[in-house]
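Take a look at the structure set out below.
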Amino acid sequence: MSTDRESAEPTQRIRAIFDAARVDGFLHVRDLDTADEIAYQADDPVVLASVLKVPIVLEYARQAADGRLDRAGRHLVTAADREGDGIGTDGCMYDVEMSARDLAFMMITQSDNAATDIVLRLVGRDNVRATLDALDCRDTSVTGCKDLFQSVLDDLGVDPDGNVDEQVARATPEQIRALTVRDPKRTAATTPREITKLLAAIWRDEAGSAEACAEVRDIMGRQIWPHRLASGFADEIRVSGKTGTLWGVRNEVGVVEYPDGKRYAVGVFLRLESLGFRAPAADASIGLAARAAIDHLRAR
């Protein structure tokens, strides 16, 4: 059992990391094989942003493993699905046909919003909700990506017949800070502690069949972004994750696996004063804070 002093030490270090990056941070890290954990504002509600794609890919994998959804089934990504300036199929100029599996792959590895909405339609929102409830993740809520961005347009009073990008760019900082998508009480949200519970269930084969959980782990292990969670760890340490980004919001959740077999579920969520999308100090603090927490757990 840890002493009060031992419990305070990682919290102080994590706070110092977040303070140096000028962010408000929320963190939970749990050892997947023991009851050990590190918590920093871990029970506060936080905005998911694209981290919402983790419950969706889990439901996809559960249905695929159960034979309810065909991984190889072909689906068309059209202009109606795309934002037009996003990542993956979301930024394609022309229609793209892709398998359900590859849409799920693009959704997680590149954070493809158009692919996300198609996968969500395939698996059904009610089924995602039911799975979260069955896993006792009742504080985690999920919606579609177009719904998120439609709320932005509604909040800003954007004329859909005009140049949408120019209208959004003209929004004042005060308008951006007041957006629904930045408020965990009004948008897709979770808590750091609950998201690591979900990850723990996936890594322990408790969130579905062993086949389903293995597929989620494989896809999350192929995420292409190295600048947040993975930046805190050496190459021989496997990091599987999912980022989330909005104005003044930087997140990443995932599992860090060491060569000695130890595994740690991580959830780090940041609120920034800056509303820009380039925030290297904030990005780096996610990896630094996760590493500080895990180092403390490993030292025990």
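Here region 126-138 is the region considered, the condition is being surrounded by fewer than 17 Cβ atoms within 10 Å (Cβ to Cβ) and in a loop (DSSP other than H, G, I, E, B), and the residue that is nearest to the chain's Cα centre (by Cα) is 138. Here the helices (runs of 4 or more DSSP H) wholly within region 143-194 that include at least 3 residues being open to solvent by less than 30 Å² (accessible area, probe 1.4 Å) are 145-156. Picking from residues in region 273-300 that are open to solvent by 10 Å² or more (accessible area, probe 1.4 Å) and under 17 Å from the mean Cα position of the chain (by Cα), the one that is modelled with the lowest pLDDT is 277.
Among residues of region 273-300 that are within 15 Å of residue 15 (Cβ to Cβ), those with a beta-carbon under 6 Å from a residue that is in a loop (DSSP other than H, G, I, E, B) at least six positions away or on a different chain give the pairs 286/228. If you go through region 12-39 and pick out every residue that is outside any helix (DSSP H, G or I), open to solvent by 70 Å² or more (accessible area, probe 1.4 Å) and closer than 15 Å to residue 284 by Cβ, you end up with 1.
The values are calculated or read from the model by the stated rules, or taken from the named source; none is laboratory data. Everything numeric here is computed off the predicted structure, so don't read it as measured data. All Cβ positions, even for glycine, are placed from backbone atoms using ideal geometry, and neighbour counts span all protein chains on display. Keep in mind that these areas ignore ligands, DNA and RNA; they rest on the heavy atoms of the full protein, side chains included. Shrake-Rupley method; radii C 1.70, N 1.55, O 1.52, S 1.80 Å.
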